[in-house]
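Scroll down for the structure; my scribbles are underneath it.
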Amino acid sequence: MFGTISNIVAAFLTLCIFSFLYKDNPFYKFAESLLVGVSMGYAIPLVYENAFIPYVYRPIFLQNKFLIIIPTLMGVLYIFRFSKNLSWLSRYPIVFGMAIVGMFVPMSLNARVLVQMRSTMLPLDNINTILIFIGVVTILMYFFFSKEHKGTYGKISNVGIWYMMVGFGASFGYTVMARISLLIGRIQFLLGECLGLIK
Amino acid sequence: MSNNKNIFWDRMQNLDRRYIYIVVALAIIIPLLIPFNSKTYITEPVENLYKKVDSFTEREDRAILMCFMHDASTMPELFPMEVSILRHCFERNIKVFTICFLPTAAPLIDYAINTAKEVGGFDVQSGVDYCNFGYKPYALFLPILLGMGEDIAEAVETDSEGRKVENLEIMKNLKNYNELNLVIDFSASASVQTWITYARVKFGANIGAGITAVMAAENYPFLQTGQLVGMLGGLKGAAEYEKLVDVFASNNVVFSKEIVKETWIPITDKNIPYQFKTARIGMNAQSVAHIMIIVFIILGNIGYFVSRKSKNKELG
């Protein structure tokens with residue numbers, strides 16, 4: 001019974017959202033607002049239960065770990081974002097958050113730069129490594145703006161543009177695939193779980 | 001005649017987009033209602049991830065962690081992957097942990113575990129064969145990620161049922177990333193790169209990705225450099241993994257490229273439950289929709305060039 005009701009509600013809200021394809025309408029707006037409200041309503045008690053109780057209430061009030069009060073107060077300063085005069089106080093917890101960046105830099109440099117560079121410096125003994133080598137060099141040349149892009153230099157940097165276009169095309173193709181997949185998911189729900197037409 | 005042709009192409013150029021929506025909708029609905037047996041080819045990133053998961057078969061000192069970093073909006077792509085990998089683990093007695101850092105992902109973990117367990121009819125027990133760490137606040141993502149490199153039970157004190165992780169039977173022989181040797185991140189964001197940056201670089205953990213197609217292109221460089229052991233990209237990746245589980249794990253057969261090439265599983269086969277072939281059925285519709293889109297692009301371009309040619313003629 002519960003399954004049937006939840007399917008009917010979900011199907012109705014799905015159709016409300018799809019109605020936007022025809023034009024903007026109150027059903028769409030209702031479903032959109034409901035999503036935001038329900039998500040927040042769902043998140044607040046979950047965060048309270050899984051963050052506030054185990055990491056603030058329990059340590060301070062039950063285990064007497066009073067040092068926790070300092071980071072808690074630091075976190076509370078975020079609320080001052082909403083005050084015009086005291087919003088500067090919210091910058092202090094942000095400063096501590098930014099400290100994470102310090103840890104991120106060396107590790108990120110390794111994962112995103114050094115390892116990537118190493119794999120572009122392989123022996124040019126097959127077509128893939130040759131293509132990667134040409135791509136890296138020509139794109140780097142395209143992004144070198146201290147020299148005017150004309151003549152031979154311009155032609156080489158144009159190759160870099162072609163490489164980037166292929167990259168953007170692949171990215172866009174994947175995006176189209178993703179959007180269609182989402183539509184398929186909803187239609188599978190409507191035809192399968194709601195109407196039982198897919199087995 | 002030539003004038004009629006121009007009118008046709010002009011109309012095509014100014015076609016109301018709602019007609020296109022109808023055609024795309026039909027291109028998806030018809031293949032879903034009348035499924036056909038299209039082939040699913042296995043790509044290397046999916047094969048590598050499958051083999052990595054499979055290498056943990058029946059090992060007491062190895063486990064995988066599945067991180068659900070998405071909400072219901074990307075379920076069509078990611079949920080079939082999660083169900084397939086859970087099913088793989090349950091079939092092959094692989095210890096599996098689940099965790100999420102988004103409130104809206106918490107019910108998806110339960111849904112995925114229950115789907116794999118109930119539809120597959122597996123006799124697996126929470127805390128023994130699998131463990132759901134449940135929802136942890138996003139602020140603890142990094143502390144938990146780094147903490148698990150030292151001691152899992154200390155980083156994640158309790159599971160979703162409130163039990164002390166250190167007391168669970170599944171934790172026997174498991175201490176840190178040396179044992180929890182494979183992390184698979186399911187996301188529609190760049191969170192997999194956080195796992196690579198910290199868990200891989202600092203602790204040498206193996207990272208796999210189950211990501212939406214939108215994110216796939218961005219993650220290929222990590223795959224190429226070996227920082228990702230494997231990747232499932234979008235619905236296609238999910239369909240491939242579903243097939244691998246059907247061919248090998250569910251028949252208790254070790255992976256072999258020859259068997260993959262020779263085996264063809266019709267998705268109209270009624271013995272395979274619908275929940276275990278959702279992605280493959282979806283890929284039928286995906287293929288038809290892609291053909292439709294390609295046709296629209298070709299027609300649009302022809303229309304553009306014909307209109308431009310006739311305009312140039314008019315101008316003299």
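The values are calculated or read from the model by the stated rules, or taken from the named source; none is laboratory data. All of these numbers come straight from a predicted model, not from anything done at the bench. Backbone-built Cβ (ideal geometry, glycine too); neighbour counts: all protein chains shown. In case anyone asks, the SASA skips ligands and DNA or RNA and just uses the protein heavy atoms, side chains included. Shrake-Rupley method; radii C 1.70, N 1.55, O 1.52, S 1.80 Å.
Normalised by the number of residues in chain A, the average gap of Cα pairs under 8 Å and 6 or more apart makes the relative contact order 13 percent. Across all directions, the average flat footprint of the convex hull enclosing the Cα atoms of the stretch A:1-64 is 6.3 nm².
Taking R0 as 60 Å, what's the FRET efficiency between A:Ser146 and B:Ile34 from their Cβ-Cβ distance, rounded to 0.05? It comes out at approximately 0.50.
What translational diffusion coefficient, to the nearest whole µm²/s, does the stretch A:124-199 have by Stokes-Einstein, given a Kirkwood radius computed over alpha-carbon pairs, a temperature of 37 °C and 0.692 mPa s viscosity? Calculated translational D: 209 µm²/s. Please identify the chymotrypsin sites (Phe, Trp or Tyr not before Pro) of the stretch A:1-100 that satisfy two criteria: DSSP loop assignment and at most 12 other Cβ atoms within 10 Å. Which are they? Sites meeting the loop and neighbour criteria: A:Tyr22. How high is the relative contact order of chain B, in percent, with contacts defined as C-alpha pairs under 8 Å that are six or more residues apart? Rounded, it is 26 percent for chain B. Pairs over the 22 Å Cα-Cα cut-off, from the set B:Lys52/B:Lys164; B:Lys95/B:Lys117; A:Lys23/B:Lys236; B:Lys52/B:Lys175; B:Lys95/B:Lys136: B:Lys52/B:Lys164; A:Lys23/B:Lys236.
Peptide A:38-46 shows a mean partner chain C-beta count of 3 within 10 Å per residue C-beta. Tally the DSSP beta bridges in the protein assembly as shown and give the antiparallel ones as a percent, rounded to 5. So the antiparallel bridges in the protein assembly as shown amount to around 5 percent. Once the Cβ-Cβ distance of A:Ala11 and A:Ser39 is raised to the sixth power relative to R0 = 25 Å, the FRET efficiency obtained is 0.80. Over chain B, DSSP H runs of length four or greater, each weighted -39,500 (n - 2.57), average out per residue to a 222 nm ellipticity of -16000 deg cm²/dmol.
Across all directions, the average projected area of the convex hull around the alpha carbons of the stretch B:257-307 is 5.5 nm². Averaged over the residues of A:101-109, the number of partner chain Cβ atoms lying within 10 Å of the residue Cβ comes to 3. For chain B, the calculated P(r) over all alpha carbon pairs, in 10 Å bins from 0 to the bin holding the longest distance, is 6, 24, 30, 18, 11, 6, 4, 1, 0 percent. What helices does chain A hold that run 18 Å or longer along their axis, going by alpha-carbon atoms, with a Kyte-Doolittle average of 1.0 or more, using DSSP H for the helix calls? Correct list, ordered by number: A:2-18, A:26-47, A:91-108, A:127-142. Out of all Cα-Cα pairs in the stretch B:7-74, roughly what percent, to the nearest whole number, are more than 16 Å apart? When every Cα pair of the stretch B:7-74 is considered, 76 percent fall beyond 16 Å. Normalised by 2.2 N^0.38 Å, where N counts its residues, the alpha-carbon radius of gyration of the stretch B:155-267 equals 1.27.
Convex hull volume of the C-alpha atoms in the stretch A:48-199, normalised per residue: 329 Å³.
Per residue of A:182-195, other chain Cβ atoms within 10 Å of the residue Cβ number 6 on average.
Kindly express, to the nearest 10 degrees and within the range 0 to 90, the angle between helix B:106-120's C-alpha long axis and the longest C-alpha principal axis of chain B. That helix lies at roughly 90 degrees to the long axis.
Local charge for B:Trp264 was computed over the other residues whose Cβ lies under 10 Å away, with Lys and Arg +1 and Asp and Glu -1, and equals +2. Here chain B is assigned +1 on the Cβ of each Lys and Arg and -1 on the Cβ of each Asp and Glu. Its dipole about the Cα centre then comes out at about 1660 debye.
Note on B:Phe296/A:Ser19: beta-carbon distance plugged into 1/(1 + (r/R0)^6) with R0 of 30 Å gives a FRET efficiency of 0.85. By accessible area, using a 1.4 Å probe on protein heavy atoms only, the stretch B:10-86 has 55% of its surface on carbon and sulfur. Remark: the A:Val76-A:Arg91 segment gains 4.2 nm on full extension, using 0.36 nm per residue and subtracting the alpha carbon distance.
For the protein assembly as shown, the equivalent ellipsoid derived from the alpha-carbon gyration tensor has semi-axes of 40, 31, 28 Å in decreasing order.
Once B and A are treated as a pair rather than alone, how much accessible area drops out, both sides summed, in Å² to 100, probe 1.4 Å? Using a 1.4 Å probe, the pair buries roughly 4100 Å². Looking at the protein assembly as shown, the accessible area is 54 square angstrom per residue; that uses a 1.4 Å probe and ignores ligands, DNA and RNA. With distances taken between every two different alpha-carbon atoms, the stretch B:101-160 has a Kirkwood hydrodynamic radius of 12.7 Å. Seen against the Cα atoms of chain B and their longest principal axis, helix B:234-247 is set at about 60 degrees.
Quick one: which bits of the stretch B:213-237 get at least 30 Å² less accessible when the partner protein chains are in, versus the chain alone, with a 1.4 Å probe? Buried-area filter returns B:Ala213, B:Val214, B:Ala217, B:Phe222, B:Gln224, B:Thr225, B:Gln227. Adding -39500 (n - 2.57) for every DSSP H run of four residues or longer, then dividing by how many residues chain A holds, sets the calculated 222 nm ellipticity at -21000 deg cm²/dmol. Dividing the mean sequence gap of close Cα pairs (under 8 Å, 6+ apart) by how many residues the stretch A:124-199 holds gives a relative contact order of 22 percent. The distance between label points at B:Asn14 and B:Phe255 comes to 5.6 nm (points 7 Å beyond Cα on the Cα→Cβ vector). For the stretch B:105-217, the mean projected area of the C-alpha convex hull, equal to one quarter of the hull surface, is 7.7 nm².
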